[in-house]
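*Asks:* Take a look at the following structure, please.
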Amino acid sequence: MTLQRTVRTITLLGATGSVGASVLSVTGSHPERFQLHAVVANRSATKLAQIAIAARARIAVLAQSEELPLLQDALAGTGIACDAGPQAVEDVAAHPVDLVVAAIVGAAGIRPTWAALQAGNQIALANKECLVSAGNLFMEEARRQKKPILPMDSEHNAIWQVLDASNRSAVEAITITASGGPFRTWSKEAIASATPEQALNHPVWEMGAKITIDSASLMNKGLELIEAKYLFGFGTQQLRVLVHPQSIVHGLVHYEDGSVLAQLGCADMRVPVGYCLNWPERGPSPAQKLDLSSIAALTFEAPDPVRFPCLQLAYDAMAAGVWATCALNAANEVAVAAFLDRKIPFGGIAHIVDKVLQDTGRQAGLTEFSNIDQAIESDLVARQRANTYLEQMVS
């Protein structure tokens, strides 16, 4: 006798991005399992309308209000409701569903994800900035709601799969892996003068521009370490990074008895996406299946903090506290945007982030944020400081 599965309703924040595409691939391959309640994007009304129609979503929402007429025209006669504006995004994120996938890139995803969490929705988190910028708030609210945050990033998803939560005291460390990006073998001088085209040429993963640049600088790993700290509750000294160019091993858990458990899979976001969408069960996925016999070798190496200073900056910020990790993320977003606009060299990213961290200083008596507005304000202050240093560099 075959048991009937309940169809899971899903809201997808960040439908037009690379993670959104992976989510839609998984849900589209099993429409009997998943129903898209809402799809949300920043802009690109035509693309969002196409996604909503193909996914048979009930609602489509844009963050940019000026594109609402385009969205309305594209969805006319489909029966799909639509809206636009930042408040509309937060409102739809709070609609009751089985799962909200938080895949909006950057600090722009903080408020919608917070609205979804406060409404009591289960969150599958692909936006690391929520925890980097306001980790204590998100984890406290998740505990209050009694709904764990499901990690959708491939590295954190890997740790989640092999971490023995009932025996946490036996864990010595956790390791997330990095492909090394396009500059893994480059000299420090060559990296510092790299062009956007070179930095965007990732050897393994297909991602959005901002995340790809973070991967090239290894800032992505630094942000992931901070995210891991909050998700799994381990200390800074227990969090490690290992460069693994083949991107087959995504995360490892080291136990005190000498055992190391690892999760392996193809470099395909549909693997962690499928795990989150089907949790607490496992389900079929359109992702490529791993064939170890076809892989010549798995190699590993330590990251180089001299050639990739952003990784050390993230460790420093994590040790300093949430005010510093929030500033780290904000400054990095400003610097990456400036690099993509060809205003600063690649080496300028770490320079601006470092200057903002030095300039921020510990706020009196502040070890954790007490509310989301405080986190957003700290983010804005750090961006202002980053823009000041940016102006100094380009003048």
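*Asks:* Out of all the residues in the range 240-269, which are out of contact with any helix residue (DSSP H, G or I) (no Cβ under 6 Å at 6 or more places or on another chain), among the charged types (D, E, K, R) and under 23 Å from GLU172 (Cβ atoms)?
*Replies:* Correct list: ARG240, ASP257.
*Asks:* Would you mention how many residues in the range 153-178 are in a helix (DSSP H, G or I) and hydrophobic (A, V, I, L, M, F, W, C)?
*Replies:* Counting residues in the range 153-178 that are in a helix (DSSP H, G or I) and hydrophobic (A, V, I, L, M, F, W, C) gives 6.
*Asks:* For the range 342-362: of the residues being outside any loop (DSSP other than H, G, I, E, B) and among the charged types (D, E, K, R), which is surrounded by the fewest Cβ atoms within 10 Å (Cβ to Cβ)?
*Replies:* For the range 342-362, the residue satisfying everything is ASP359.
*Asks:* So, of the residues in the range 193-228 that are assigned to a loop (DSSP other than H, G, I, E, B) and β-branched (Val, Ile, Thr), which turns out to be modelled with the highest pLDDT?
*Replies:* THR195
This table checks each residue for (1) without any contact (Cβ under 8 Å) to a residue 24 or more places away in the chain; (2) crowded, with 22+ Cβ neighbours inside 10 Å.
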{"site": "GLY235", "(1), (2)": "yes, no"}
{"site": "ARG240", "(1), (2)": "no, no"}
{"site": "GLY258", "(1), (2)": "yes, no"}
{"site": "TYR275", "(1), (2)": "no, yes"}
{"site": "PRO280", "(1), (2)": "yes, no"}
{"site": "MET318", "(1), (2)": "no, yes"}
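*Asks:* Among the residues of the range 132-152, write down those that are under 16 Å from VAL105 (Cα atoms) and either modelled with pLDDT of 95 or more or part of a strand (DSSP E or B) (or both).
*Replies:* Selection gives PRO151, MET152.
*Asks:* Quick one: what pairs do we get from the range 290-306, first residue within 18 Å of GLN263 (Cβ to Cβ), second outside any helix (DSSP H, G or I) and of a type in the set (S, T, N, Q), C-beta under 9 Å, 6+ apart or different chains?
*Replies:* ILE295/GLN246; LEU298/GLN246; THR299/GLN246; PHE300/THR177
*Asks:* Something else now. In the range 181-233, which residues are of a type in the set (A, V, I, L, M, F, W, C) and without any contact (Cβ under 8 Å) to a residue 24 or more places away in the chain?
*Replies:* ALA190, LEU200, listed by residue number.
*Asks:* Filter the range 239-293 down to residues that are in contact with a Pro (Cβ under 7 Å, 6 or more places away or on another chain) and of a type in the set (Val, Ile, Thr) and give me whichever is nearest to ALA158 (Cα to Cα).
*Replies:* Per the stated criteria, the residue is VAL241.
*Asks:* Let me ask something else. Anything in the range 275-289 that is over 19 Å from GLN35 (Cβ atoms) and among the aliphatic types (A, V, I, L, M)? List them, or say none.
*Replies:* Of everything in the range 275-289, just one residue is over 19 Å from GLN35 (Cβ atoms) and among the aliphatic types (A, V, I, L, M), namely ALA287.
*Asks:* Name the one entry in ALA38, ALA54, ALA49 that is more than 19 Å from ALA287 (Cβ to Cβ), outside any loop (DSSP other than H, G, I, E, B) and touching a residue at least 40 places away in the same chain (Cβ under 8 Å).
*Replies:* It is ALA38.
*Asks:* Hey, can you tell me all the residues within the range 290-303 that are assigned to a helix (DSSP H, G or I) and either surrounded by 11 or more Cβ atoms within 10 Å (Cβ to Cβ) or of a type in the set (A, V, I, L, M, F, W, C) (or both)?
*Replies:* LEU292
*Asks:* Continuing with this model, one more query. Give the number of residues within the range 136-160 that are out of contact with any helix residue (DSSP H, G or I) (no Cβ under 7 Å at 6 or more places or on another chain) and within 20 Å of LEU223 (Cα to Cα).
*Replies:* Summing the residues that are out of contact with any helix residue (DSSP H, G or I) (no Cβ under 7 Å at 6 or more places or on another chain) and within 20 Å of LEU223 (Cα to Cα) in the range 136-160 gives 3.
*Asks:* Ok, one more. Can we say ALA94 is without any contact (Cβ under 8 Å) to a residue 40 or more places away in the chain, more than 28 Å from VAL249 (Cβ to Cβ) and not acidic (Asp, Glu)?
*Replies:* Judged against the criteria, ALA94 is a match.
*Asks:* Taking the condition surrounded by fewer than 21 Cβ atoms within 10 Å (Cβ to Cβ) and in a strand (DSSP E or B), does ALA262 pass?
*Replies:* yes
*Asks:* So which residues in the range 285-310 are touching an Asp or Glu at 6+ places or on another chain (Cβ under 9 Å), among the hydrophobic types (A, V, I, L, M, F, W, C) and within 22 Å of GLY222 (Cβ to Cβ)?
*Replies:* Matches in the range 285-310: CYS310 only.
*Asks:* Taking the range 258-317, which residues are among the aromatic types (Phe, Trp, Tyr) and closer than 25 Å to ARG184 by Cα?
*Replies:* Listed by number, the residues that qualify are PHE300, PHE308, TYR315.
*Asks:* So which residues in the range 69-105 are closer than 20 Å to ASN127 by Cα and in a helix (DSSP H, G or I), if there are any at all?
*Replies:* Once the filter is applied, which keeps residues that are closer than 20 Å to ASN127 by Cα and in a helix (DSSP H, G or I), the range 69-105 yields PRO86, GLN87, ALA88, VAL89, GLU90, ASP91, VAL92, ALA93.
*Asks:* If the requirement is being within 21 Å of the chain's Cα centre (by Cα) and in a helix (DSSP H, G or I), which of these qualifies: ALA317, ALA287, ALA386?
*Replies:* Going through ALA317, ALA287, ALA386 in turn, just one is within 21 Å of the chain's Cα centre (by Cα) and in a helix (DSSP H, G or I): ALA317.
The values are calculated or read from the model by the stated rules, or taken from the named source; none is laboratory data. None of these values were measured; they are calculated from a predicted model. Here Cβ is always computed from backbone atoms with ideal geometry, including for glycine, and neighbour counts include all displayed protein chains.
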